[in-house]
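What follows is one structure encoded as structure tokens, with my remarks underneath.
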Amino acid sequence: MAIERPVFMPPPWYTGETAEQIQTRMMQALPPDIDNVEGGFPYDFTMPTALEEDELINFVLIETLKIMFPAWSYGQYMDYHAAGLGLTRRAANHAAGTITVTGVPGTQIPAGTIFCVPAAGDTPAIEYSTDTLAVVGAADPGEKYGTADIPVTAAEGGPACNVAADTVVIMASPISGVTSITNAAPITGGTVEETDDELYERIVLAEQSAGESYVGCDADYIRWAKEISGVGTVLVDANYEQEHPNKVKLIVLDSNGQPANATILTNVYNHIMAPGNRAVERLAPVGAILVVVAPGDNCKLNIVIMGLTISDVSTESDIYTRFAAALSTYYVNAKEEGSVKWNRVHALFTSITGVGDFTALTINGDTANVPIDDDDYPVTNKVTINGTDYPEEN
């Protein structure tokens with residue numbers, strides 16, 4: 001469960017006086033023989049002071065109190081609280097995937113070559129850079145051209161670079177010998193910078209574990225994994241540990257609630273196991289064997305809502321966004337319970353702001369619970385509202 005930040009409550013001595021109230025007290029404190037008529041010199045001279053005191057008390061003082069404590073801090077001040085515990089805010093993660101280039105056998109694709117999703121209207125092209133040098137392979141018998149599968153990383157961080165299959169189809173600078181380009185699978189893993197709420201949750205967990213020996217318990221592995229950009233939910237497969245002594249299996253989703261891609265999984269493994277410098281940087285205890293995987297694809301959910309009427313100025317897209325966020329939170333409990341319960345999802349959608357009424361809701365074409373296997377985690381594949389699919393295809 002996410003750790004919620006408490007609501008800020010001003011101290012009991014805080015009265016929240018306005019500048020006018022402050023000036024009134026100042027005027028009342030003047031000697032009786034001083035003119036205190038509105039518009040007089042004493043009145044005009046005290047008002048600027050009252051305005052400064054108003055800002056000092058009602059903004060500066062309150063904001064200072066907030067940034068002194070992680071529970072109400074924000075921005076760079078939250079970063080300072082995190083730094084005191086050895087934590088760093090996770091940067092926006094760059095989406096990653098694989099593109100397939102078809103062309104003349106032997107054609108070289110240098111590292112750093114830019115491939116793109118074409119610009120459309122006011123939307124600029126989305127660029128991806130190849131991670132390594134690649135060479136187009138030999139053609140199959142009877143074929144003229146060969147192929148090369150090349151790992152790529154988005155030029156910019158963030159979810160805007162997560163794209164569907166068969167959308168990366170052009171090069172920024174064409175290379176002779178390349179005849180076609182595509183990405184057979186979606187490019188995923190682009191996430192926003194860690195929010196204040198997410199960083200606060202890690203601060204609380206670090207404070208709760210202060211003074212404890214990091215022996216490699218489940219909580220340690222989860223905390224270590226969440227230090228990596230792009231990581232969202234992390235689960236430890238307890239049954240796997242029982243069957244494989246000394247082995248720990250982590251199931252990782254990205255911050256978008258989708259299965260983590262290969263780049264994120266590799267970064268988590270390297271961060272915890274430090275294969276290149278285990279004597280200094282390794283976090284896992286001696287003898288531990290780590291397995292880091294994305295959840296299986298046996299619990300993809302297609303949710304269909306029909307007959308929706310909207311009760312306010314919200315759009316269907318607004319309702320989908322709120323529903324998707326609520327589902328992501330609920331899935332943590334669903335995993336613990338071993339199934340996605342239809343009645344819980346039904347109640348969840350009913351509670352979404354803007355939902356007036358609806359006539360039907362199905363999960364994978366049924367109104368039954370969906371079981372979750374040990375290696376799986378529920379993932380929303382698609383939500384269909386009144387015949388429109390969300391998220392809409394890129």
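Things worth noting here:
- In the stretch 220-244, the residues that are at pLDDT below 85 and not hydroxyl-bearing (S, T, Y): D237, A238, N239, E241, Q242, E243, H244
- Here the condition is being under 30 Å from D196 (Cα atoms) and exposed (fewer than 13 other Cβ atoms within 10 Å of the Cβ); of P32, P48, P6, P70, it holds for P6 alone.
- Per-region count, the stretch 221-248, residues outside any loop (DSSP other than H, G, I, E, B) and either in contact with a Gly (Cβ under 7 Å, 6 or more places away or on another chain) or farther than 13 Å from Y377 by Cβ (or both): 15
- Scan of the stretch 330-345 for residues that are surrounded by 13 or more Cβ atoms within 10 Å (Cβ to Cβ) and either touching a residue at least 40 places away in the same chain (Cβ under 8 Å) or more than 25 Å from L235 (Cβ to Cβ) (or both), ordered by number: Y331, V332, A334, K335, V340, V345
- Subset of the stretch 370-388 that is crowded, with 17+ Cβ neighbours inside 10 Å and under 13 Å from Y331 (Cα atoms) - its residue that is farthest from the chain's Cα centre (by Cα): V370
- If the condition is being buried (at least 20 other Cβ atoms within 10 Å of the Cβ) and in contact with a strand residue (DSSP E or B) (Cβ under 8 Å, 6 or more places away or on another chain), then the stretch 182-211 contributes N183, I187, T188, G189, G190, T191.
- A search for C-beta distances below 9 Å between a residue of the stretch 8-22 that is free of Cβ contacts under 8 Å to residues at least 24 places away in the same chain and any residue that is of a type in the set (V, I, T) and not in a loop (DSSP other than H, G, I, E, B), counting only pairs 6+ apart in sequence or on different chains, returns T15/I57.
- Test result for T64, of a type in the set (S, T, Y), surrounded by fewer than 16 Cβ atoms within 10 Å (Cβ to Cβ), within 36 Å of the chain's Cα centre (by Cα) and more than 23 Å from I181 (Cα to Cα): yes
- With a requirement of 3 or more residues that are of a type in the set (D, E), the helices (runs of 4 or more DSSP H) lying completely within the stretch 1-99 that satisfy it span 41-55.
- Any hit, the stretch 203-220, residues being acidic (D, E), outside any helix (DSSP H, G or I) and under 30 Å from I99 (Cβ atoms): no
- Qualifying residue in the stretch 135-153 (condition: modelled with pLDDT under 95, closer than 22 Å to T266 by Cβ and surrounded by 13 or more Cβ atoms within 10 Å (Cβ to Cβ)): no
- Subset of the stretch 267-292 (residues that are surrounded by fewer than 16 Cβ atoms within 10 Å (Cβ to Cβ) and part of a strand (DSSP E or B)): I289, V291
- Of all residues in the stretch 100-124, those being touching a strand residue (DSSP E or B) at 6+ places or on another chain (Cβ under 7 Å), part of a strand (DSSP E or B) and free of Cβ contacts under 8 Å to residues at least 24 places away in the same chain number 0.
- Those residues of the stretch 76-101 which are among the hydrophobic types (A, V, I, L, M, F, W, C), surrounded by fewer than 16 Cβ atoms within 10 Å (Cβ to Cβ) and under 18 Å from the mean Cα position of the chain (by Cα), in sequence order: A91
The values are calculated or read from the model by the stated rules, or taken from the named source; none is laboratory data. None of these values were measured; they are calculated from a predicted model. Note that we place each Cβ from the backbone using ideal geometry, even for glycine, and neighbour counts take in every protein chain shown.
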